[in-house]
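Engineer: Please read through the structure below; I'll follow up with questions.
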Amino acid sequence: MTLLVPLEPSTSSAPGPSFLRHSKSPDTDLEAVVKAIIKAKRIVVICGAGISVQAGIPAFRSPEGLFKSVKGDNLVSGKDLFDASVFTSEHSTSLFCQMIAQLSELSKAAEPTTFHRLLRTLDDSGKLLRVYTQNIDSIERKCGLSFGIPAFKDRYKGKYRLNSKLSSAQILPRCVPLHGTLELVHCQLCNHSFPLEDHLPSLTQGLPPQCPECTMSDQCRELAGKRSRGVGRLRPSVVLYNEVHRDGEDVGEIIREDSTGSSTGKGRSVADLLLVVGTSLRVLGTKRMVREFAKAVHGRRPSSCPSPADPSAIKTVYLNLEFPVPARDWNGVFDVWLRGDAQEFAVLLDQEIRRRQCLTQRKRRAKEGSSYDEQSQAREKECQVSLSRLSILRTCLQRNCIFAYQLVTRRNFVKEIHSQ
Ligand SMILES: [Zn+2]
């Protein structure tokens, strides 16, 4: 059973799959979800294009914008440009290079969204175990999360294990890119990697760059009178449909660590809540991964399962405008479907986290019996502003008010409050 909690009132009356139960009290259930996330200690977030759209990165399957401007007559969708078959013709390879160059420029210019900043807040408060991103824009790195995929196999002589002196939290980056990034290109012949930035002019012209490593090696062979082995072409280090992930085994190892713990049991710190956001879950590998995490966190739920509105019962949350299809594949996977925009929910959750932090500080100060100096009073005032802000934002969301977006940053909000 999945509880459907709308973030905004909707006119949609689509019945949906039989296992969806519509919330009778959305406000109460929304509070329960917020509480569940705040009470969790090791949250795993699996995210997709939905969290980066507001940063100006086009959605993968968007019929408009970037893909429309570069696709040729024989390519019908943005998805075609992300298929391994793109390298089978010079024409499609050229279009792919141009599209990657444009995406790279957009990613460089992109600023973290409210949801990205929420990830940082969760990390700062010690609640974030891992973010698995399907996005290739690396915006998570810009908001300060450690980022990348460690090479387990190379580092530990072929054995997949963590260094026993360090915990997994010290070794593993907070954010793992599932489909590569726009930061690197690699040679299709010798596999060497290079910064994409260095080859941007060539990609912009639709020309796959020649590999500097192969070129140098070939020149040396020529001087030594040996025959040429050829020079490879560089390609962006993003994972395409229908091809094997170069770091797939390393990513798989991190997923195993986070879902079931290390084989030695040392430093056991597995996920206790799964938040899936801004993705339609159509990629097979991601579907499998979501199921794996859902099974793991549900397995650790208290045996005496309380009512669905109880935060301790909520272990898996899906946050997206649409439910993934085919819906039958997701029966029993998500406890709650928050139907709405990721950024709107991020505003609510961020405010609630800050409000609680403020209250905790107040309680601590009261316990210590310390007198309120000017700084304390200023913090107190800020807390009151936060409380007002949360209340206004919730009203905005309930009224489907587009100006909620304008109240995102603290400074802007304080200006809004003072101008009223
Ligand atoms: Zn090469």
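Read the figures in this text as sums done on the coordinates, not as results from a lab. Being a predicted model, the structure only gives us computed values, none of them experimental. Here the Cβ is made from the backbone with ideal geometry for all residues, glycine too, and neighbour counts use every protein chain on show.
Engineer: Once the piece of chain linking GLN210 and LYS367 is laid out straight, how much longer is it, given 0.36 nm per residue of separation minus the C-alpha distance between them?
Structural biologist: My answer for the length gained is 49.9 nm.
Engineer: For a test of the definition: using alpha carbon positions, the gyration tensor, and the 1.5 limit on a/c, classify the stretch 78-130 as rounded, prolate or oblate.
Structural biologist: Prolate.
Engineer: Given the peptides 342-351, 277-286, 196-205, arrange them by the average over their residues of other C-beta atoms within 10 Å, most packed first.
Structural biologist: 342-351, 277-286, 196-205
Engineer: Once fully extended, how much extra length lies between ILE38 and THR88, figured as 0.36 nm per residue of separation less the alpha-carbon to alpha-carbon distance?
Structural biologist: 13.1 nm
Engineer: Can you give the FRET efficiency for GLU8 and ALA109, using 1/(1 + (r/R0)^6), R0 = 35 Å, r = Cβ-Cβ distance, to the nearest 0.05? Provide the component values of the computation, followed by the final result.
Structural biologist: Numbers: r = 30 Å, r/R0 = 0.84.
My answer for the efficiency is 0.75.
Engineer: Which entries of LYS35/LYS367; LYS39/LYS108; LYS24/LYS367; LYS24/LYS142; LYS287/LYS315 show an alpha-carbon separation above 29 angstrom in the structure shown?
Structural biologist: Going by Cα-Cα distance, LYS39/LYS108; LYS24/LYS367; LYS24/LYS142 fall outside the 29 Å limit.
Engineer: Need the full-extension length gain, SER202 to GLU249, defined as separation in residues times 0.36 nm minus the C-alpha distance. One decimal, nm. Intermediate values should be presented prior to the final figure.
Structural biologist: On the way: separation 47, 0.36 × 47 = 16.92 nm, distance 3.15 nm.
Roughly 13.8 nm would be gained on extension.
Engineer: Separate question: If a paramagnetic tag sat 7 Å from the Cα of ASN242 along the Cα-Cβ line, which residues of the stretch 80-106 would have the backbone N under 20 Å from that point?
Structural biologist: 80-100
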